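Read the figures in this text as sums done on the coordinates, not as results from a lab. Just so it is clear, the model here is predicted, and its values are computed rather than measured. Please note: Cβ atoms are built from the backbone with ideal geometry, for glycine as well, and neighbour counts cover all protein chains shown.
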Amino acid sequence: MAAVLDVVYNHFGPEGNYAGDFGPYFTDRYQTPWGRAINFDGPDSDAVREFFIENARYWFREFHFDALRLDALHAILDTSARPFLAELVDSIEEERSTSGRRLYLIGESDLNDPRLVRRREIGGIALDAQWNDDFHHALHVPLTGERTGYYADFGQLEQLADAYRRGFVYTGQYSAHRRRRHGDSSSDIPAGRFVVFAQNHDQVGNRLRGDRLSPLISFESLKLAAACVILSPYLPLLFMGEEYGETAPFPYFVSHSDPDLIDAIRKGRSAEFVAFHWEDEPPDPQAIDTFESARLNWGSQTDMKQETLWCFYRELISLRHVLPVLSPFTPRQETVRTSGDDTVLLVTLGHEDGDAALIFNFGETDTTVQASFRMGVWHRRLDSSDNRWMGSGSLLPELMESSGSQNLHLRPRSAVLILRETES
């Protein structure tokens, strides 16, 4: 088991922070949503950069963490020729060499900038991986139907197909939410350099009431979401409790002592949700009840649906582990398309050890979709609508003889994996 630590190098906390009394840690040249920006490129910034670089090495060296998740890199503003992040990557590479350990840096950024993970030889920063919010948004909208805030840029299943094909959905197109063009092409980035998810602490915690997917969508849709993430070509991330359908919210909460700061946070939280058109007031972030409501209900897996969902996640993870065709680190051929009515996503994968097809039905009714497969016998390895997974029963046979084209009968909100093994 590896341990990953979330580190925040883009700002200090708003209370109890006296770093500015001891050195030039801050700059007024930039601002962040959370307070004063860090001085990574101004006068006397060399020592500031060294402070953060040594902090990263400290977590690896003294506490034996295996990876650091770098928070909100879009808020690290640095115009120097050799930016702080490049210097950090070089330093951790040196730490790898001296320690003989595999150490990783994973970035979170909403810039859709592939340079963060491109190799240094071609002008990249060379982080090991980065978050892909586009994948989340492209999945969230067809699952929930929400189209406000940043979800206004999404809503077509073809966008989820784009996320499967190339990583980012927005690669330079106009974003209505941002009112400008956004992103750059990530088609050259290996799949293993993207982290994808259906939920995480930001996407849940930044909702008005911190509601998870479990109270928003059906049981069948929860299984569909799990399959889309875990069977994707990327690195899947699961949010605590997601694997059994935890229903407790994860609202934003704080514990400050300054009344003015508390009041500012309350007002700021309300203002954040204007673009989402949510009418209720968010829970009081300072209230102890808000914190208590976020506690996980350990042991709730005794509920039949939650126990089934937990087993379904285990099955998906096992399949990803044992089938080379599902690995993001093995070469394969991939074809991605959507059905004519934009309700079914089909992904076909070719590998020397066997072929696979993933079919995701986001429609609300039974449907039939035509797919093209290589000649041979295909067998149904997983169907989320199977009775085993508390579904209404699969419409697909256990074995299918393909002559090139195949009609697939699918249950609503279902995920299917079928396999064709190579001849021995």
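General observations
- A simple charge model with +1 on the Cβ of Lys and Arg, -1 on the Cβ of Asp and Glu and nothing else charged puts the dipole of region 331-421 at about 60 debye relative to its Cα centre.
- For region 274-360, fraction of C-alpha pairs farther apart than 21 Å, in %: 63
- Cα-centre dipole for region 267-424 with unit charges at Cβ (Lys and Arg positive, Asp and Glu negative), debye to 20: 360
- Under a 5 Å amide H cut-off, with hydrogens placed 1.01 Å from N, Gln130 pairs with Gly107, Phe194, Val195 among residues at least 5 apart or on other chains.
- Summary value for region 4-301: 12 percent relative contact order, contacts being C-alpha pairs under 8 angstrom separated by 6+ residues.
- Averaging Cα coordinates gives a centre for region 207-278 and one for region 1-62; these two points are 26 Å apart.
- Karplus-derived HN-Hα couplings along region 238-254 (A = 6.51, B = -1.76, C = 1.60, θ = phi - 60°), whole Hz, x at Gly and Pro: 10, 8, 3, x, 4, 5, 10, x, 3, 9, 4, x, 10, x, 6, 9, 9
- Rough spin-label spacing in nm, given labels placed 7 Å along Cα→Cβ, for Ala271 and Arg180: 2.0
- Per the Kirkwood formula applied to alpha carbons, the chain shows a radius of gyration over Rh ratio, Rg over Rh, of 0.98.
- A simple rule links phi to the HN-Hα coupling: the Karplus curve 6.51 cos²θ - 1.76 cosθ + 1.60 with θ = phi - 60°, which for region 346-355 gives 10, 10, 10, 10, x, 8, 4, 8, x, 9 Hz, with x for Gly and Pro.
- Relative contact order of region 346-415: 40 percent, from C-alpha pairs under 8 Å at least 6 residues apart in sequence.
- Modelled FRET efficiency - R0 41 Å, Ala19 with Arg96, Cβ distances, 0.05 increments: 0.90
- Projecting the Cα atoms of Ala47, Thr98, Gly35 onto the charge dipole of region 1-150, computed from C-beta unit charges around the Cα centre, puts Thr98 farthest toward the positive end.
- Beta-bridge orientation, the chain: approximately 75 percent antiparallel, per DSSP, counting only bridges with both partners inside.
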